[in-house]
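Here's the structure we're looking at; comments come further down.
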Amino acid sequence: MPTYMRSRLANGINLFIHPTVKFKTILVQLIFHRALREDDVTESSLLPSVLQRGSGNYPNRMAIAHRLEELYGTELVSGVTKKGERQLVSFTLDLVHDQYLPGESSLLKKALQVLSDVVTNPVLFDESFKEDYVTQEKEQHEKLIKGLINDKIAYSVERCLQHMCENEPFGVFKYGSVERLKTIDGPSLYHYYRHFLRESPADLHISGDLDLSEVSSLAEQIFTFERGAEEAVAATSVQKKIGDVRYVQEELDVSQGKLVLGYRTGVTCADDDYFPLLVYNGILGSFPHSKLFQNVREKASLAYYTYSRLEKHKGLMLISSGIEVDNYEKALEIINRQLAEMTRGDFTEEDLENTRSGLRNQFLVEEDSQGLVINRVLDDMLVGREENTAQLLKRLAAVTREDVARVSANVCLDTVYFLTKRGGV
C-alpha cells in the first residue's frame, strides 16, 4: 500500500495525499462525517443530490456535465455510506492524469475548482436552495428510500439490523425516512447545509502520481470556505451482552423466504482479535469452501444463497440465506450446527489455509483500487490503527486454530429475522 501525507488545511479540513505511480488516473474524495441519528440523517443524505443540481458557476446539471466533459470526461459522483454509527457523505472526482494529455498541465486544479464550486457555492434564492431542485430531488430520494423493498436481500438485512439495533444509532437507515423527508423544503435544507459545512469533520483524499507540495498548495488555495468548530462524532458503541434472542417475522408478497441472523461478536476492527474473527467468518460463510455454502446450500440444498459477513465497526456478524419458506426450521437448525462446530474447532487445516488464502487475495486486490486504498486509510483513521498490507498479511498468517475457536465462543445470537410470504410459514 502506498504511503500518504496527512496535513490540515487552514479551515480545518484534513488533507490526505496518496502519491503512487501505479495508476494513470487521479482520484479525489471529499468526505464529511456526521453522527448517525434520526434528527438529520435524511437531510445529510438528500444534500448531495441537491448540490449536484447546480452551482454558482454551473447553474444546472447540464452545465456541470458539460464542464466535466471539457475536462476530458472527468466524473463527479456523490454517495452516502455508514461506518459504525457514523454517516459519511462523500463527493468523488475521477480524472485522467494530465501527464497523459499533451498540452494540458492544470487538469487537477480545474477539476478541484468544479468540486469546490458544487459543494460550497450552490444556486440560491433568498437564503434558500432553489425550490424546484429540492422538490424534484425529494421525489427521487423518496423513491430511493421506498425502493429498498424491491431488493429483498438488502431489505431483509436492513430490517434485521433495524430490529437488532432499534435503540442504537446503528439502527438508523442511512438514507433517512419518508416522514422526515416531507418536512424538508428549500429554506430548511439550506439552513441545515450551512451548519453541515461549518461543523462536519471533513477529509480530502487525493490519490495519484502527485507532487506533494504542489497538491497541498492547490488544496489550500481552492478549499477556502468558512468553517467553525467541528462537531465531534462519538465512537461507535459496541454491545457485548445480550438478553433473550428475539425472533421477528415479517410477511410480504414473496415466493422465497429470506432468513437473516444477527450476532454480537464484541470484536471490531480496532481489536487485536479482529483477525481471528475475520478468519472465523471466512471459514463459516465468506467463501465457496465455507461451511454455510457447503452444508446449507450444497449438501442439504436448503438455500438458494447463503453467506456470512461482518459489520467490522459495530462488532456484528450477519448470516443471510434465501430459502423456501417451509424450510425455516431446517435451515435454522443446520446453521446453528455450523456455529457449534466452529466453537468446537471442528474445521480442517484445509479450511483454515483456504480462508487465509482468500483473505490474503482480498488484501492484495485492495492495492489495485485507489478507492479501496482510501477506504482502508479511512478505516484505519476511525479506529486508530495504521497498517500496511505487509503488516496485515503478517497478522493474518499468525492466526491459529485456537485463536479462531476462542473468538467463536463470544459470537452470540441476538436476532432472527424471517421475511416470509403472506399467510406465514
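Here are a few things to note about the model shown:
- Net charge of the neighbourhood of L218, taken over other residues with C-beta under 13 Å away and scored Lys/Arg +1, Asp/Glu -1, is -2.
- Neighbourhood net charge (15 Å Cβ-Cβ; Lys/Arg +1, Asp/Glu -1) for V172: -1
- Across K152/K394; K22/K174; K82/K146; K83/K299, pairs whose alpha-carbon gap is larger than 30 Å: K152/K394; K22/K174; K83/K299
- Ranking of V365, V383 by count of other Cβ atoms within 10 Å, fewest first: V365, V383
- Angle between the chain longest axis and helix 349-366 axis [Cα atoms, degrees, rounded to 10]: 10
- 16 Å reach of a label modelled at N375, 7 Å along Cα-to-Cβ, counting backbone N of the stretch 29-69: 29-31
- Nearest 10 degrees, 0 to 90: helix 61-70 Cα axis against the chain principal axis: 80
- Highest mean packing comes first when the peptides 291-297, 146-152 are listed by Cβ atoms within 10 Å, giving 291-297, 146-152.
- Under 15 Å, Cβ to Cβ, from A270 - net charge with Lys/Arg +1 and Asp/Glu -1: -1
- Using the Cβ-Cβ distance between D326 and R401 with R0 set to 51 Å, the FRET efficiency works out to roughly 0.85.
- The chain: angle of helix 107-120 to the longest principal axis, Cα-based, in degrees nearest 10: 80
The numbers here are math on the coordinates, done by the rules we state, and not lab data. Predicted model, so just to flag it, every value in this text is computed and none were measured. Every residue, glycine as well, gets a Cβ built from its backbone with ideal geometry; the counts of neighbours run over all protein chains shown.
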